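Below is one structure, written out as structure tokens, with a few remarks after it.
The values are calculated or read from the model by the stated rules, or taken from the named source; none is laboratory data. Everything numeric here is computed off the predicted structure, so don't read it as measured data. Here the Cβ positions follow ideal geometry from the backbone for every residue, glycine too, while neighbour counts run over all protein chains shown. Surface areas here come from the heavy atoms of the whole protein model, side chains and all, with no ligands, DNA or RNA. Shrake-Rupley method; radii C 1.70, N 1.55, O 1.52, S 1.80 Å.
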Amino acid sequence: MINYREVLTKKEECGIVGIALARGNAALPIFYALYALQHRGQESAGIAVSVSAGEDNGKGSETSKYTRNIPLIKGMGFVYEVFDHPRLESLKGNIGIGHVRYSTTGASAVENAEPLLVNYQRGKIAIAHNGNLVNTAELRRELERDGRVFHSDTDTEVIAHLLAKELVRHDPIEAVKELMKRVIGSYSLVILLNNILIAVRDPLGIKPLCLGEIRDENGKRGYIIASESPAIDMLGGVLMRDVRPGEILIVKGEDLESHQLYRGKNTAHCVFEYIYFARADSVLDGQLVYDVRMKIGKRLAEECGVEADIVSPVPDSGITFAIGYAKRAGLDYMEGFIKNRYVGRTFIMPEKASRDTAVRLKLNVVQANVEGKRIVLVDDSIVRGTTSRRIVDNLRKKGAKEVHMRIGSPPIIAPCYLGINTPTRDELLASNRNLDEICAFLHADSIGYLSMKGLIDSVGIAASNLCLGCLTEKYPVEIPGEVCIARQLKLTQF
Ligand code: AMP
């Protein structure tokens, strides 16, 4: 049986990138791509590189292929804190992977930073993972019984061990196929397997992953696989498409191979990526996040408009929603707060006290804009409600006459087990309170949430193809003690 508590404690949000260039070093473009994905994780960063097959002047014999070195540098902090010029220069190889990590529960340690590098019988594997497995505890116990030793407490290490085990018996594609039979949950992966770059997206496509084309300095074609499309834009590349749910991509030299290993009747794209997590300039599974958020803002004004003088966002998360709301309501959009852009996301601070300080550090009220005004305060979501309440209080202290909170998502009522850091039900403001109680907790004059239909219409993807677990308490995979809406998967031939 899966230990419920263990499942609950491992939650990670991350950004990943894999780059294959025809020639030259991949470390610098990976560094830039990680910069573009920094919002997905600020706790640690890492890059691993290798020399692709055919790029090593014939030295890529079977033996050298198996003993290949995969240089890796990782550390705690922002991308620019972990890497400087000499470090990037030291990473020699035309293919590579990178990772930014963001975890919450205790495990903020360098041994959990990625990419994770392991040796196996025929060489080395480096893995970067975005997502969260829900059967980690069970798989880990099984692997430990087999005598395998773990150095971190990440689910990524479980993936690495399972893959290493399968690679002894199978070729890479078959090994990944076997791996996918065992792991349950969300996983977008980029992997260096000796001298080949592999990308995998879980059969439900829970976490995003996209594919783009880039050119090296001599104009030769290369590939980038990244969590979000701005990483491709950053390198002057072209977004080709999303990696398909259940697909594996293999980059060998200049060749890109695709194999559809699993095909499901439905997908389960994480709706919270559209609401909060992804950048507004990302195109996720065919939808520009900016458009989705504008639509949500407009819909919010239609569904729960209120008499007011100005519309103000909670920066930055509420901005696009507030612009949409103001447009539809015919009200002035004004900034009630100015954000100090040099403070990281407050959620990464583990202690309550430091979160309080972080909010004060982060947002300052523009008194002249709010004094004597009736304000529609727009944000994307409410989690614990503690930040929102502090923000409402601060507006009132500076003379706001009324504060009406409008939220660009339905109430978050349940935890996420699949990669977004949402707390347990006890800590979620909306999990056991009605609207009046929520409004009272926030010290607001009124509260309005987007309807579920409003959300689905705005995202433009059918509910049956989204993961709405945090909003509906119904999850696309089996989690002990929770309701599962089974998604049909079947193994396809390739
Ligand atoms: P609170 O009022 O404490 O619930 O905080 C709400 C704020 O947290 C909103 O501005 C959201 O944009 C932001 N938020 C929502 N989900 C997350 C998350 N998983 N990690 C960090 N911040 C989040």
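When you scan region 325-397 for strands (runs of 3 or more DSSP E) that lie fully inside it, which ones turn up with 1 or more residues that are modelled with pLDDT under 95? I'd like the intermediate steps shown before the answer.
Values: elements: 337-339, 363-365, 374-379.
Correct list: 337-339, 363-365.
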- Kindly provide the set of residues from region 398-410 that are assigned to a loop (DSSP other than H, G, I, E, B) and within 11 Å of the ligand (Cβ to nearest atom), ordered by number. Gly408, Ser409
- Message: Looking at region 469-481 only, could you name the residues that are open to solvent by 30 Å² or more (accessible area, probe 1.4 Å) and in contact with a Phe, Trp or Tyr (Cβ under 7 Å, 6 or more places away or on another chain)?
- Response: Pro480, Gly481
- Message: Among the residues of region 415-424, are any away from the ligand (no atom under 11 Å from the Cβ), in contact (Cβ under 8 Å) with a residue 24 or more places away in the chain and among the β-branched types (Val, Ile, Thr)?
- Response: yes
- Task: Would you mind stating whether Met405 is surrounded by 14 or more Cβ atoms within 10 Å (Cβ to Cβ) and touching a Leu at 6+ places or on another chain (Cβ under 6 Å)?
- Result: yes
- Item | Residue count for region 433-456, restricted to those that are within 15 Å of the ligand (Cβ to nearest atom) and open to solvent by 10 Å² or more (accessible area, probe 1.4 Å) | 9
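Please state which one of Ser312, Ser258 is in a strand (DSSP E or B) and either free of Cβ contacts under 8 Å to residues at least 40 places away in the same chain or on the phi > 0 side of the Ramachandran plot (or both).
Ser258
One line per residue, one yes/no per condition, for (1) under 30 Å from Gly77 (Cβ atoms); (2) within 16 Å of the ligand (Cβ to nearest atom); (3) in contact with a Cys (Cβ under 8 Å, 6 or more places away or on another chain); (4) open to solvent by 40 Å² or more (accessible area, probe 1.4 Å):
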| residue | (1), (2), (3), (4) |
| --- | --- |
| Ala308 | no, no, no, no |
| Gly318 | yes, yes, no, no |
| Gly330 | no, no, no, yes |
| Tyr342 | yes, no, no, yes |
- Out of all the residues in region 457-468, which are polar (S, T, N, Q) and open to solvent by 40 Å² or more (accessible area, probe 1.4 Å)? Ser464, Asn465
- Task: Quick one: which residue in Ile382, Ile391 is closer than 14 Å to Leu429 by Cα and within 16 Å of the ligand (Cβ to nearest atom)?
- Result: Ile382
- Does at least one position in region 447-463 carry a residue that is at pLDDT below 95 and in a strand (DSSP E or B)? no
